[in-house]
Each structure stands twice: as structure tokens, then as C-alpha cells.
Amino acid sequence: MANRPEKQDYVDRLIEVVPDQHGQDVVQAKALAYRLRRLAHRLETEIKRELAPHGIELWELELLACLIRTRPEHRLSAGQLMAQLQLTSGAVTNRVRRLEHNGWVTRDFDPDDRRSVLVTLTPAGEERALEVFAVKTEAEYALLSALSSTAQRRINGDLRTVLLSLEGQA
């Protein structure tokens, strides 16, 4: 492979076997996709490991965070949670049921549309989430500290461009 880096990671070894006929742009896209998946996996694994002693799962914290961001009511419909968390309706139902069992959310029918369920954060759920947000933030910071803040801003901008082309504006 041309311009072989002095230090190689696992992905460099993987893409060495990609046929040259694909061209360097395709090889670079493949390498980036591999690295993004590996990094996402490492981030998720480490964050889960850090949260475990606090008795909360990453998915629980992410769902609670969605509700915290919806001020002032801290309430979303099940459909809005599906969209924000990129989950199926069955997955949202199961997750909300577990958080309701913990006393962290309540479920009620939407008074304006009885077919829709509204999920509301309870004070106990907000308190629980706020207790452990810092743990997740510290884990993310530590894992990405190999990159300078300038590099992080650049990568954030580049990834935002890709996500905007795939998902459109928020």
C-alpha cells in the first residue's frame, strides 16, 4: 500500500488485502468505516464498564438524557423516543417499561391523542441520571484524549458533514 504509515493499527493490516483495483478513495473510505466501527465499539464497551459500578446501563442513561433535554416538561412521545434513539417501537416499549419499573419514568396516554403514549421523566429519574452523567463524560474524555482539541473539532466537523448528508438537519 502506498504511503504506508510508520505505526500501523489493526485496520492498516485489514486494508492491506483490499485489491488495488478499488482505488485509494475506496480503500480510504473502507479504512475510515472500519476505524469508526472499532472506535464506537471501544467507546461503548468502556462507558458500560465505567457505568456498571453505578448500577445503570448505558441505554438507560441515554433514554433518560433524551427526556432531560426536553425542557421544561421532560416528556416525549414513544415515537419521538424511537426517532431520537434510533430504536424500534418494541425496543422503546421494553426500555420504557424497565425504567418505569425503576421509578425513573412514567407512561401516560396523550390527552390529545389516546393512541400515543407520553413518557415523562420523574424526579428520581432525573436525579439518577445527573448522578452518573459525569462518569460517562469522563470516560469519553479519557478515551479521546489521544486527539488534541483541534483535531477533535476538525473530526467533529467532518463527521457532522457526513451525518448531515445522511440524515439532514436536526
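Read-outs throughout are calculated quantities, based only on the coordinates presented, and are distinct from any laboratory measurement. These numbers were taken from a predicted model, which means no experiment stands behind them. As a convention, Cβ positions derive from the backbone with ideal geometry for all residues, glycine included, and neighbour counts pool all protein chains shown.
With R₀ fixed at 45 Å, the C-beta to C-beta distance from Glu16 to Ala91 puts the FRET efficiency at about 0.75.
Over the range 56-170, the fraction of Cα-Cα pairs per 10 Å bin, rounded to whole percents and listed from the shortest bin up, is 12, 36, 32, 17, 3, 0. Here is how the number arises for the chain: DSSP H runs of 4 or more residues each give -39500 (n - 2.57), the sum is divided by the residue count, and the result at 222 nm is -20500 deg cm²/dmol. A Cβ-based charge dipole, computed about the Cα centre of the chain with Lys and Arg at +1 and Asp and Glu at -1, lands at about 200 debye. Looking at the range 43-131, the trypsin sites (Lys or Arg not before Pro) that sit in a DSSP loop and have at most 16 other Cβ atoms within 10 Å of their own Cβ are Arg69. Using R0 = 22 Å, the C-beta based FRET efficiency linking Gln28 and Leu166 works out to 0.75. Cα centroids of the range 120-170 and the range 39-58: 14 Å apart. Summarising the amide proton neighbourhood of Val117: residues at separation of 5 or more, or on other chains, whose placed amide H is nearer than 5 Å comprise Ala78, Gly79, Asp110. Order these by the 10 Å Cβ neighbour count, fewest first: Asp25, Asp12. With the sparsest Cβ surroundings first, the list reads Asp25, Asp12. Between Val92, Val17, Val117, the Gaussian network model of the chain with springs among Cα atoms under 10 angstrom shows the greatest mean-square fluctuation at Val17. For the range 28-38, backbone phi angles converted through the Karplus equation (6.51, -1.76, 1.60; θ = phi - 60°) give residue-by-residue couplings of 5, 5, 5, 4, 5, 4, 4, 5, 4, 5, 5 Hz, Gly and Pro being listed as x. Evaluated over the Cα positions of the range 102-170, the convex hull gives a direction-averaged projected area, one quarter of its surface, of 7.7 nm². By the count of neighbouring beta-carbon atoms within 10 Å, fewest first, Tyr34, Tyr10 end up ordered Tyr10, Tyr34.
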